[in-house]
Amino acid sequence: MNAVVLYDYGKMQLRDVPEPEIGDGDILIKVEAAGICGGDLHYYDGSNTAGLGELPVILGHEFSGTIAKMGKNVDSYWKVGDRVVSENTGYACGHCPACQTGNFVSCSERKTIGCSMDGGFTKYVKIPEQILRLYPNCLFHIPDNIGFDEATVLEPASNAYKAVIQEGCLMPGDTLVVFGVGALGLLTIQHGKIAGAAKIIAIGLSGDKAVRFDMAKKYGATHCIASDEVDDVVNLVKEIAGPNGVAVAVDAAGAPVCLHQATEMTRSIGHVVRIGMNDKPYSHGFDDVNVKSLTIRGHMGYNTVSWRQCIALAEAGILDLKSIISHHLPLDEFDKGFQLSIRQEATKVILTPIE
C-alpha cells in the first residue's frame, strides 16, 4: 500500500509499504480520509520533532474510516464495516496519574498514531489491543449524517472544545480572544460562538486576511486584528472588550509574545489557555498573573468528554465541520497539500488513499 513516510527529520516521501498484520485483539481500519494538521507541518519542514518516535514512520493522526478486520478477541461492541474515527492514542501506560484520571493524552509514555506509531496517511491503520482494552474510547462511531472528511476534523474540534469550554470555562456573555486563525483557532472561535460568547476577537497576521479572517467571521468572530499592522494590540483588545474585559484568551499560535499579550489583556480572575507550541524562552515577567489572579492552563489534546460533546454537536448540525475543509487531494499530492497549508492558502487539507 502507498503511504506518506517521514524517513528523516524534514524529509518525507510516498513509499510502498506492507499492509499491517493484526493479532487477536487488534482492529484494522481502512482509511477513507486523513487531515493535514499544523503539527504535521513542523515534521514536513523539520522545525519541530516533538512527539516523533523512531523513524521511519507513517504520518497522519487525523483520520477516519471503516473497520476492515478485527481479531477474534475484540469487544463485540465493534463490527466489521463500522464507520469510525480515531482519537489517535496508540499506547498509554494505564498506571500514571494522567491515565488514572482518563487523560490518556497526557500520559508521559503515550504513543500517538501518526507521530510515534504508523498513522493514517495510507490505506490501512492498526489499532492495537493494548489501547483498545485500556481505553475503549480511542475509537468513536461516526454518526450517519457525518461524512468521513468531516469526521477527521473532529480531532482538532475536540482539541479546541477542551481548551475553550472545559479549561477556559467560557460562559455565555463572556469576551473571548483567540490568537491564531489556523484550524485550531477557527474551531476555537466556533466553539466560543456556540457557547454564547458576546464578543470574539481573533488575532492573526496580515497574511491571514485573504482567507482565514473571512472564515473567522463566518464562525463567529466579531473582530479580526492583524497584529503586525497594529501598534498596541493589548490596548486595542481592551478597548473592544469594554468594561467586562476579556474573560478567556486562547493562544492557538504559540509564539511567546502571544502568551505575554494574553496575560496583559485578560481581566482579573480570567483564564489563559495555551494550545500553540513553541519552545523559545518566554522572556517576560509574570507579575500580571499574580496581581490579577489569572489561571494559565497548559493544554494538550482532549478527553472522552471533548469527543462525545463534539460528536453530539456535529450530529445535531450545530458544529460545522465541513466548511473548514478547503482542499481535497489524493495521497500522492501530499506535497501540494503541505505547501498550501504552509502558505496559509488552506484551512484544512484532506488526503484520500490511493486504491
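The values are calculated or read from the model by the stated rules, or taken from the named source; none is laboratory data. Note that the coordinates shown come from a computational prediction; the quantities given were computed from them, not determined experimentally. Note that each Cβ is placed from the backbone with ideal geometry, even for glycine, and that neighbours are counted across all protein chains shown. When the accessible area is computed, the model is the full protein with side chains, heavy atoms only, and any ligands, DNA or RNA have been set aside. Shrake-Rupley method; radii C 1.70, N 1.55, O 1.52, S 1.80 Å.
Structure summary
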{"item": "Leading residue by the ranking (nearest to SER86 (Cα to Cα)) among those in the stretch 305-322 that are open to solvent by 40 Å² or more (accessible area, probe 1.4 Å), touching a helix residue (DSSP H, G or I) at 6+ places or on another chain (Cβ under 9 Å) and not hydrophobic (A, V, I, L, M, F, W, C)", "result": "ARG308"}
{"item": "Matching option when the condition is in contact with a Cys (Cβ under 8 Å, 6 or more places away or on another chain) and either within 23 Å of MET300 (Cβ to Cβ) or free of Cβ contacts under 8 Å to residues at least 12 places away in the same chain (or both), among GLY120, GLY39, GLY60", "result": "GLY39"}
{"item": "First in the stretch 272-300 and open to solvent by 40 Å² or more (accessible area, probe 1.4 Å), second anywhere and assigned to a loop (DSSP other than H, G, I, E, B) and modelled with pLDDT of 85 or more, Cβ under 7 Å, 6 or more apart", "result": "ARG274/HIS299; MET277/GLY254; ASN278/GLY254; ASN278/ALA255; ASP288/LEU294"}
{"item": "Residue in the stretch 331-339 that is touching a helix residue (DSSP H, G or I) at 6+ places or on another chain (Cβ under 7 Å) and either under 27 Å from PHE104 (Cβ atoms) or modelled with pLDDT of 95 or more (or both) present", "result": "yes"}
{"item": "The lone exception for PHE63 - which of (1) outside any strand (DSSP E or B); (2) more than 12 Å from CYS115 (Cα to Cα) it fails", "result": "(1)"}
{"item": "Residue within the stretch 112-126 that is at pLDDT 95 or above and closer than 30 Å to ARG267 by Cβ present", "result": "no"}
{"item": "The stretch 11-42: number of residues that are in a loop (DSSP other than H, G, I, E, B) and either touching a Ser or Thr at 6+ places or on another chain (Cβ under 8 Å) or surrounded by fewer than 20 Cβ atoms within 10 Å (Cβ to Cβ) (or both)", "result": "10"}
{"item": "Of all residues in the stretch 193-205 being open to solvent by less than 50 Å² (accessible area, probe 1.4 Å) and out of contact with any Pro (no Cβ under 8 Å at 6 or more places or on another chain), the one that is farthest from PRO172 (Cα to Cα)", "result": "GLY204"}
{"item": "Of the criteria (1) more than 23 Å from ALA151 (Cα to Cα); (2) out of contact with any strand residue (DSSP E or B) (no Cβ under 8 Å at 6 or more places or on another chain), which one GLY53 fails", "result": "(2)"}
{"item": "Candidate set from the stretch 167-184 (those that are in a strand (DSSP E or B), of a type in the set (A, V, I, L, M, F, W, C) and more than 15 Å from the chain's Cα centre (by Cα)); member that is nearest to GLU345 (Cα to Cα)", "result": "VAL177"}
{"item": "Residue list for the stretch 57-88, filter: of a type outside the set (Phe, Trp, Tyr), surrounded by 14 or more Cβ atoms within 10 Å (Cβ to Cβ) and over 21 Å from THR352 (Cα atoms)", "result": "MET70, GLY71, VAL74"}
